[in-house]
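Inspection log for the structure reproduced underneath, given as structure tokens.
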Amino acid sequence: MDSTRDIIQYIRRNRVSTTEVTDAMGKTGEIRGLNPIVPDQHKVGPVRCIFAAHNSNYTVHEQIREVEEGEVVIVFSYNCEGRAILGDLVARFIIMYKGAEALVVNGAVRDAARLHRERYPIWASEITPLGCYNTPVDPFPETIEEELRCKYEGGIAVCDAGGVVVIPPNQVNASFMEK
């Protein structure tokens, strides 16, 4: 049995909400403060973590090359001072060309009108016209990145009008299906 595939298929087929998933996990799993750009979407898939830091999205451009079809890409930002990590061009690449199921930005996005018009499945914590720079900078703090990867990669993200919930990797198993 492939627990990841089975859980994703079950959630997708039955449109299991973020509320129901958090209930199954004892009221946990939410990544706080994320809202959909287009609210009437329901997406689910395995998590891919990407990192941006210090007002630069330079490393995002490198990391998105590794995105695989069907993944929910979660971008974590550090010290980006409210600047948008990405906008229409990067979102289009991730969703249209790489085939990501959804894009979650724990930070700001820009080009909101275009993202909404294209109905991209994006959840973000902020919207701003002010973008990051695309220059090399110091990396995302290594210990925080490691913690986030352990917590989310290998997990399953569920995204809907209620926000974003991640089933942690250690709960992606047959017993989760029973919950």
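Among the conditions (1) under 20 Å from Asn170 (Cβ atoms); (2) modelled with pLDDT under 95, Pro39 misses just one, which is (1).
The C-beta contact set for region 33-47 (first residue farther than 24 Å from Asp6 by Cα, second residue assigned to a strand (DSSP E or B), distance under 6 angstrom, 6+ apart or interchain) comprises Gly33/Ser125; Leu34/Trp123; Leu34/Ser125; Leu34/Gly163; Leu34/Val164; Pro36/Trp123; Ile37/Ile122.
Scanning region 14-42 for residues that are under 13 Å from Phe176 (Cβ atoms), in a loop (DSSP other than H, G, I, E, B) and open to solvent by 30 Å² or more (accessible area, probe 1.4 Å) turns up Gly26, Thr28. Of the residues making up region 14-32, those that are of a type in the set (S, T, N, Q) and in contact (Cβ under 8 Å) with a residue 12 or more places away in the chain are Ser17, Thr18, Thr19, Thr22. Among the numbered conditions (1) of a type outside the set (S, T, N, Q); (2) in contact with a Pro (Cβ under 9 Å, 6 or more places away or on another chain); (3) surrounded by 23 or more Cβ atoms within 10 Å (Cβ to Cβ); (4) without any contact (Cβ under 8 Å) to a residue 40 or more places away in the chain, the only one that Ala102 does not meet is (4). For the structure I just gave you, tell me whether Ala108 is open to solvent by less than 40 Å² (accessible area, probe 1.4 Å) and either within 15 Å of the chain's Cα centre (by Cα) or more than 18 Å from Val67 (Cα to Cα) (or both). Taking the combined requirement at face value, the residue satisfies it. Taking Arg5, is it free of Cβ contacts under 8 Å to residues at least 40 places away in the same chain and under 22 Å from Lys151 (Cα atoms)? Judged against the criteria, Arg5 is a match.
Across region 145-170, the qualifying residues are those that are small (Gly, Ala, Ser) and within 12 Å of the chain's Cα centre (by Cα), and the one among them that is nearest to Val38 (Cα to Cα) is Gly163.
Is it true that Arg48 is of a type in the set (Lys, Arg) and either at pLDDT below 95 or in a strand (DSSP E or B) (or both)? Considered against the rule, which asks whether it is of a type in the set (Lys, Arg) and either at pLDDT below 95 or in a strand (DSSP E or B) (or both), Arg48 comes out as yes.
All of Ile122, Ile94, Ile156, Ile144 fail the test of being at pLDDT 95 or above and either open to solvent by 80 Å² or more (accessible area, probe 1.4 Å) or over 28 Å from Arg5 (Cβ atoms) (or both), apart from Ile144.
The values are calculated or read from the model by the stated rules, or taken from the named source; none is laboratory data. Fair warning: this is a prediction, and the values are worked out from it, not measured in the lab. Here the Cβ is made from the backbone with ideal geometry for all residues, glycine too, and neighbour counts use every protein chain on show. Just the protein is used for accessible areas: all its heavy atoms, side chains included, with ligands, DNA and RNA removed. Shrake-Rupley method; radii C 1.70, N 1.55, O 1.52, S 1.80 Å.
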